[in-house]
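Input: a single structure, listed below in structure tokens.
Just so you know, all these numbers are worked out from the coordinates, no wet-lab data involved. Note that this is a predicted model, so its numbers are computed, not measured. With ideal geometry, Cβ positions are generated from the backbone for all residues, glycine too; neighbour counts draw on all protein chains shown.
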Amino acid sequence: MRASRVMKPLVCILLVTALQASAGEPVHVLVANDDGIDSPGLEAIATMIAADPAYRVTVVAPARQQSVSGHGLITRSEVKVLEHATVAGCTAWSVDATPATVARIALTALLAEDPPDLVVSGINSGENDGLSAWSSGTVAVAREGAYAGIPSLAVSLQLDWSDPQPDFAGAARWAKPVIDAVRDNGLPPGVYLNVNVPIDTTAARGFRVARMGLDLSEEARYVLERADFDGTRWYSSRWRPPKETTPGGDSHALVGGWVTIVPLGLDQTAENAFPLLQQLELPAPVAVVPTP
């Protein structure tokens, strides 16, 4: 009962026309991710959606692990695409590319004649809350879906990295009502959802619509590991989550045990900068006379 009660705010942001599948036909869902086509999170969400006869699932996912790929697109080389063994009984394709590239190939080529009504990305191994959404390949898939005008959402599971068996099935159960809500209500143009499920899925307190957390990581840098005799230097990444989280942000709610839902948008315009920029006096450049 608690879950249904806190779910109500979600309906307030789903204002645009619901998906219009033909009468009696299931809603076609593209399921993708950034962890790769053999990841357990992908299978868990595909299994959950495909078990509902209201849906029809096609899986198109990276051939290998592509985490933290951001929205990188492969444009200067050919991309290898192979038909893959079924995932959760669903037609599946393996694409040797970044997540955003995978989504674009799926939407503009593989499924061009049978376009999906909905894009679901995940379930990611590890949370993609706060500023990490910028570098997340999982979120990039949902962004590509929104770019194509398709209601889209990304789903991630917060992890205890020492746990060898994360509860992806539990995370999929929490994701399903959000997927159903998007199916029934649609999303505003240019908006996609970033959903994060807490580690203990059995103790989750319900759904919480939140802002994107802007808390800075405790550590986010590269460190020098070694230097070779020829001057080559080798660096590796270091990252730790924020020590403190701000109320109202998704990171704070996730730590508090809520399944967080953040509406993100394609429009990245910082409107609060307009007053400053509009008062600047910017002189036109002086014309340069070419030297004879």
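At a threshold of 8 angstrom on Cα-Cα distance, excluding pairs fewer than six apart, so keeping six or more, what relative contact order does region 208-292 reach in percent?
Relative contact order, region 208-292: 31 percent.
Tell me, how many Å apart are the Cα centres for region 192-233 and for region 239-292?
18
So which chymotrypsin sites (Phe, Trp or Tyr not before Pro) in region 116-198 are both in a DSSP loop and have at most 13 other Cβ atoms within 10 Å of their Cβ? Write out the running numbers ahead of the final one.
Details: sites: TRP134, TYR147, TRP161, PHE168, TRP174, TYR192; in loops: TRP161.
Within region 116-198, the qualifying chymotrypsin sites (Phe, Trp or Tyr not before Pro) (loop, at most 13 other Cβ atoms within 10 Å) are TRP161.
Sort THR138, THR245 by Cβ crowding within 10 Å, fewest neighbours at the top.
So the residues, fewest neighbours to most, are THR245, THR138.
Please give the FRET efficiency for GLU83 paired with GLU225, using the beta carbon to beta carbon distance and R0 = 30 Å, rounded to the nearest 0.05.
0.15
Quick check on region 24-167: take the gyration tensor over C-alpha atoms, sort the square-rooted eigenvalues as a ≥ b ≥ c, and tell me if it's rounded (a/c under 1.5), prolate or oblate. Show your work: numbers first, answer last.
Details: a/c = 1.42, a/b = 1.11, b/c = 1.28.
In terms of gyration-tensor shape, rounded.
When ILE45, ILE105 are ordered from fewest to most other Cβ atoms inside 10 Å of their Cβ, what list results? Working shown, then result.
Numbers: ILE45 29, ILE105 20.
Ranked by crowding around the Cβ, least crowded first: ILE105, ILE45.
Given R₀ = 30 Å, what would the calculated FRET efficiency be for ALA270 paired with THR108, taking r from the Cβ atoms and rounding to 0.05?
0.50
Under a crude label model (7 Å from the Cα following the beta-carbon direction), how far is ASP184 from ASP160 in nanometres?
Reported label-point gap for ASP184 and ASP160 is 3.4 nm.
Let's see if you can work this out: charge +1 on each Lys and Arg Cβ, -1 on each Asp and Glu Cβ, no other charges. What is the dipole magnitude of the chain about its Cα centre, in debye to the nearest 20?
With Lys and Arg at +1 and Asp and Glu at -1, about 480 debye.
Return one quarter of the surface area of the convex hull spanned by the alpha-carbon atoms of the chain, equal to its mean projected area, in nm².
Hull-based average projected area comes out at 23.2 nm².
Note down the relative contact order for the chain as a percent, whole number, built from C-alpha pairs under 8 angstrom at least six residues apart.
Relative CO of the chain lands at 19 percent.
Given the -39500 (n - 2.57) contribution per DSSP H run of 4+ residues, what per-residue ellipticity at 222 nm results for the chain, rounded to the nearest 500 deg cm²/dmol?
Taken over the chain, the calculation gives -7000 deg cm²/dmol.
By how many nm would the segment from VAL288 to GLN65 lengthen if fully extended, with 0.36 nm per residue of separation less the alpha-carbon distance?
So the chain would gain 75.2 nm between VAL288 and GLN65.
Sorted from fewest to most neighbouring beta carbons within 10 Å, what does the list VAL262, VAL31, VAL60 look like?
Ordered from fewest to most neighbouring Cβ atoms within 10 Å, VAL262, VAL31, VAL60 come out as VAL262, VAL60, VAL31.
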